[in-house]
Amino acid sequence: MLAFNLVVFFGAQPGWCLLGADAQCAYLQSEGIERLLLLRIPAVRPPPDMMPNQSVVAAGSIYGARDAPRAWYKHLRAKLLARGFREIQLEKSLYVWGDFGHSFIILVAHVDDLLITLCADDQQAREGIDALAKELQPKMCRDSSFTFCGKFIEQLDDRIQVSQPKGLKNLEGVPLSREWLSDVGPPLADDELSQYRGTVGQLMWLITQTRPD
């Protein structure tokens, strides 16, 4: 959350802008895997040149594997460091490029979602982002509004507005009986307690991310 706030803070400066990016097939871009992972080819409609039920060794990370996010983080970090970015120790996956006052880029990554800020007129910084985009092949969003990690970001003339309309829309209430609403109502049933905890969790996420109040 600190990294996100820092990027938005810099992006709110006059003349700066925010860019969103979604790395396509991020996990498939990772190199190598640190363990032996065997996969079984489907018995029905196997891929070309594969036999039904054939066992193969994964050469890279696979979506859904427990180490896939870590492999992508290491791949992205290596690419960024090779292009002159520096990872800030303040928070993992927060990177800067250049020197403030000159060409400067701040980038935060959350799995395969990237949030970038830079001076809109900084041609050198834009060229750096374009070169990075060619290498990682993300889906870039250069519009004034986009979604990053469930947050809807709007770049308005006088401010940057962050909201979570989908999160609010998907908020599920907990139906309670009239008897329970009284002071001497019965304890919650197990399914009601599970729903209640889920709703509280959704509310806590909204409050800590964007404070919709």
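No value in this document is a laboratory result; all are computed from the given coordinates. For clarity, every value in this text was computed on a predicted model and none was experimentally measured. With ideal geometry, Cβ positions are generated from the backbone for all residues, glycine too; neighbour counts draw on all protein chains shown.
Counting neighbouring Cβ atoms within 10 Å and putting the fewest first, the residues 117, 208, 199 line up as 208, 199, 117. Contact order for the stretch 1-150, expressed relative to its length and based on alpha carbon pairs under 8 Å spaced 6+ residues apart, stands at 32 percent.
The slack in the chain from residue 38 to residue 208, taken as 0.36 nm per residue of separation less the alpha-carbon distance, amounts to 57.2 nm.
Is there a pair in 92/166; 92/169; 79/139; 139/166 whose C-alpha atoms are over 25 Å apart, and which pairs would that be? List each step's numbers first, then the result.
Numbers: 92/166 27 Å; 92/169 31 Å; 79/139 17 Å; 139/166 21 Å.
Pairs exceeding 25 Å: 92/166; 92/169.
Distances between placed amide hydrogens fall under 5 Å for residue 164 paired with 152, all partners being 5 or more residues away or on another chain. Net charge of the neighbourhood of residue 64, taken over other residues with C-beta under 15 Å away and scored Lys/Arg +1, Asp/Glu -1, is +2. Remark on residue 88: its backbone amide H falls under 5 Å from those of 94, 95, 96, a criterion applied only to residues 5 or more positions apart or on other chains, H modelled at 1.01 Å from N. Per-peptide packing, taken as the mean over residues of other Cβ atoms within 10 Å, places 127-140, 102-115 in the sequence 102-115, 127-140 from highest down. Each residue, residue 147 and residue 83, gets one label point 7 Å from its Cα in the Cβ direction; the gap between the two is 2.5 nm.
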